[in-house]
2 protein chains.
Amino acid sequence: MEKLQRNERVSVLQRILSESPGKVFNLGYFSQLLGCAKSSVSEDIDIIRGSLEKAGAGIIETIPGASGGVRYIPMLGPEATAELAKSLSAELSRRERILPGGYLYMLDIIYDPVIVSEIAKFFTGAFHDKGIDYVITVETKGIPLAFMTARYLNKPLVIVRHYNEATDGASVNINYVSGSSKKIQTMVLSMRSLKHQSRLLFVDDFMKGGGTARGILDLAREFECEVAGNAVLVQTEEPRKKLVNDCFSLLTLHGVDESSGMTVISPNRK
Amino acid sequence: MEKLQRNERVSVLQRILSESPGKVFNLGYFSQLLGCAKSSVSEDIDIIRGSLEKAGAGIIETIPGASGGVRYIPMLGPEATAELAKSLSAELSRRERILPGGYLYMLDIIYDPVIVSEIAKFFTGAFHDKGIDYVITVETKGIPLAFMTARYLNKPLVIVRHYNEATDGASVNINYVSGSSKKIQTMVLSMRSLKHQSRLLFVDDFMKGGGTARGILDLAREFECEVAGNAVLVQTEEPRKKLVNDCFSLLTLHGVDESSGMTVISPNRK
């Protein structure tokens with residue numbers, strides 16, 4: 001690559017870091033790529049770090065040692081989090097969203113690439129330093145959110161299914177009881193999906209009773225893995241006692257009244 | 001925001017563009033955000049455009065007019081595409097991947113955030129100028145790829161399911177025949193998912209007979225929508241005649257021989 005000016009180098013570095021979140025880059029790699037001294041790269045990175053911090057958009061972590069370097073961890077600052085939670089609460093309270101049975105129509109939100117990315121940044125801020133090895137979810141509605149969180153944490157995504165398929169290879173099946181409907185369901189996961197002794201982050205769109213999260217806990221045990229956290233977009237206020245102990249969420253659903261068309265949902269982070 | 005140096009501005013602009021691919025930003029918005037003249041923003045954008053083009057990592061498009069501005073479209077340059085196709089071909093030919101029935105284990109690849117992002121950039125390069133309104137897929141294995149393509153095209157993602165759920169609201173069901181196994185299956189899509197007269201890009205991990213793509217075509221018709229393209233990671237060489245006319249893919253699978261443990265798969269783009 002021909003010799004670049006500082007502002008061109010900053011552009012290249014910022015793009016590479018933004019598009020490979022969570023990945024550790026050695027300063028030597030950058031210095032070779034850009035054809036400049038490591039000390040210049042280091043100054044360029046400081047500029048990027050400063051601009052990120054001002055915007056509350058994440059951090060540049062320095063990993064010391066021979067295999068060290070820098071990595072970018074996207075986050076959602078407190079202001080942006082409050083704004084996201086407020087706008088989603090307002091959007092989800094619209095009466096057209098109430099479905100028969102008091103369910104809320106959320107598919108347009110939980111499949112929207114822009115909104116999903118913001119929520120995933122919020123999760124990343126909370127779990128990037130928790131030693132997560134995999135992000136895990138159950139098909140289908142939580143997949144975009146889990147995928148984007150995995151991307152920001154730079155960890156593999158694992159998708160648990162309800163039915164076994166030929167393309168899974170050998171798999172582990174467990175039965176679990178849905179927390180709210182008490183229906184018995186099956187979870188299937190390919191044997192090749194997880195390494196033993198890994199730490200998992202369970203991500204989903206919604207938690208009511210916590211039956212699915214509890215199922216993941218049981219499934220993880222079969223793989224000798226540990227669930228290090230549960231992160232969902234919306235948790236319900238009732239039942240207060242979920243089938244898992246911890247649940248990290250952006251919003252709390254207090255209730256849906258079909259007859260009056262009223263939904264009460266609120267941000268649950270200050 | 002306090003007054004920034006040019007290289008700080010470049011860092012901020014590059015980050016915003018990288019993290020909101022496909023979104024049109026008005027130069028006036030940037031000028032206000034950065035507290036500098038539009039002409040300076042314009043020069044900053046030129047620096048970013050230059051560095052992107054040198055790297056073959058995408059383009060900055062200028063949209064003229066009052067509601068115009070600039071947007072970043074991520075792409076995979078020809079060299080990076082060839083390298084990705086080559087490395088995936090090698091990885092997918094490993095004999096441990098062959099499953100009973102001649103299937104290939106691909107879950108680790110198609111759920112990997114880094115690989116998925118690269119493939120999605122390849123799809124984006126091919127379809128960003130085709131007037132796509134939605135990216136559509138069928139649960140479950142194609143979802144990460146479809147989600148990331150939707151993110152790069154800045155369009156909503158739509159997920160077709162096999163079973164109806166309370167959280168869908170009213171839905172349209174169609175039956176379709178799987179192209180290879182001739183099994184009759186159901187596709188379900190919430191009525192609220194698609195606006196009439198939209199153009200869809202179908203994204204999936206794998207196409208053999210094309211039965212699923214054909215089902216999407218029929219489903220689209222019920223919503224008065226049109227399928228503008230089919231993009232998959234791997235298509236099989238046989239049957240040559242698929243149930244849909246066009247299939248854009250990165251790799252072609254020529255055959256899997258269970259007894260010898262040989263898989264023949266190759267890049268299909270020059």
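Where a number appears in this text, it was derived from the coordinates with a stated rule and is not lab data. What you are looking at is a predicted structure, and each value in this text was computed from that prediction instead of being measured. So basically every Cβ, Gly included, is an ideal-geometry build from the backbone, and we count neighbours across all protein chains shown.
When both the stretch A:38-59 and the stretch A:100-149 are represented by their alpha-carbon centers, they are found 28 Å apart. The 3J(HN,Hα) values that the Karplus relation (6.51, -1.76, 1.60; θ = phi - 60°) gives for the stretch B:230-240 are, in residue order, 10, 10, 9, 5, 10, 10, 8, 5, 10, x, 5 Hz. Gly and Pro appear as x. Near residue A:265, the amide H atoms lying under 5 Å from its own belong to A:254; only residues 5 or more places off or on other chains count, and H is placed 1.01 Å from N. Once backbone amide H atoms are built at 1.01 Å from N, residue B:69 has B:63 as its partners under 5 Å, excluding neighbours fewer than 5 places away on the same chain. Looking at the stretch B:2-78, the trypsin sites (Lys or Arg not before Pro) that sit in a DSSP loop and have at most 15 other Cβ atoms within 10 Å of their own Cβ are B:3, B:23.
As a length-normalised measure over Cα pairs under 8 Å and 6 or more apart, the relative contact order of chain A settles at 15 percent.
Taking every residue in B:165-177 and counting other chain Cβ atoms within 10 Å of its Cβ, the average works out to 3.
Beta-bridge orientation, the protein assembly as shown: approximately 55 percent antiparallel, per DSSP, counting only bridges with both partners inside. Among the listed pairs A:54/A:121; A:121/B:155; A:86/A:130; B:54/B:121; B:121/B:141, those whose Cα-Cα separation exceeds 22 Å are A:86/A:130. The mean count of C-beta atoms from other chains within 10 Å of the C-beta of residues in A:112-119, rounded to a whole number, is 5. At most 16 other Cβ atoms within 10 Å and a DSSP loop assignment: could you name the GluC sites (Glu not before Pro) in the stretch A:1-42 that fit? The qualifying sites are A:2. Within the stretch A:183-268, the trypsin sites (Lys or Arg not before Pro) that combine a DSSP coil assignment with at most 11 other C-beta atoms in a 10 angstrom radius are A:183, A:240, A:241.
Counting only alpha carbon atoms, the long axis of helix B:113-127 and the longest principal axis of chain B meet at about 80°. Of all DSSP bridge pairs formed entirely within the stretch B:78-267, close to 45 percent run antiparallel. Take the Cα of residue B:32, step 7 Å toward its Cβ, do the same at residue B:226, and the gap between the two points is 3.7 nm.
With neighbours defined as other Cβ atoms within 10 Å of a residue's Cβ, the residues A:73, B:63 order from fewest to most as B:63, A:73.
Here's the list of lysines a cross-link from residue B:242 could span, going by alpha-carbon distance under 18 Å and ignoring same-chain residues fewer than 8 apart: B:182, B:183, B:208.
Rounded to the nearest 500, the helix-only mean residue ellipticity at 222 nm of chain A stands at -11000 deg cm²/dmol, with each DSSP H run of n ≥ 4 adding -39,500 (n - 2.57). Along the stretch B:97-104 the Karplus relation, 6.51 cos²θ - 1.76 cosθ + 1.60 evaluated at θ = phi - 60°, assigns HN-Hα couplings of 7, 6, 10, x, x, x, 7, 10 Hz to successive residues, with x for each Gly and Pro.
The distance separating the Cα centre of the stretch B:191-264 from that of the stretch A:180-213 comes to 29 Å.
Could you check which residue among A:239, A:74, A:144 shows the biggest mean-square fluctuation in a GNM of chain A with a 10 Å Cα cutoff? With Cα springs under 10 Å in chain A, the top fluctuation among A:239, A:74, A:144 is at A:239.
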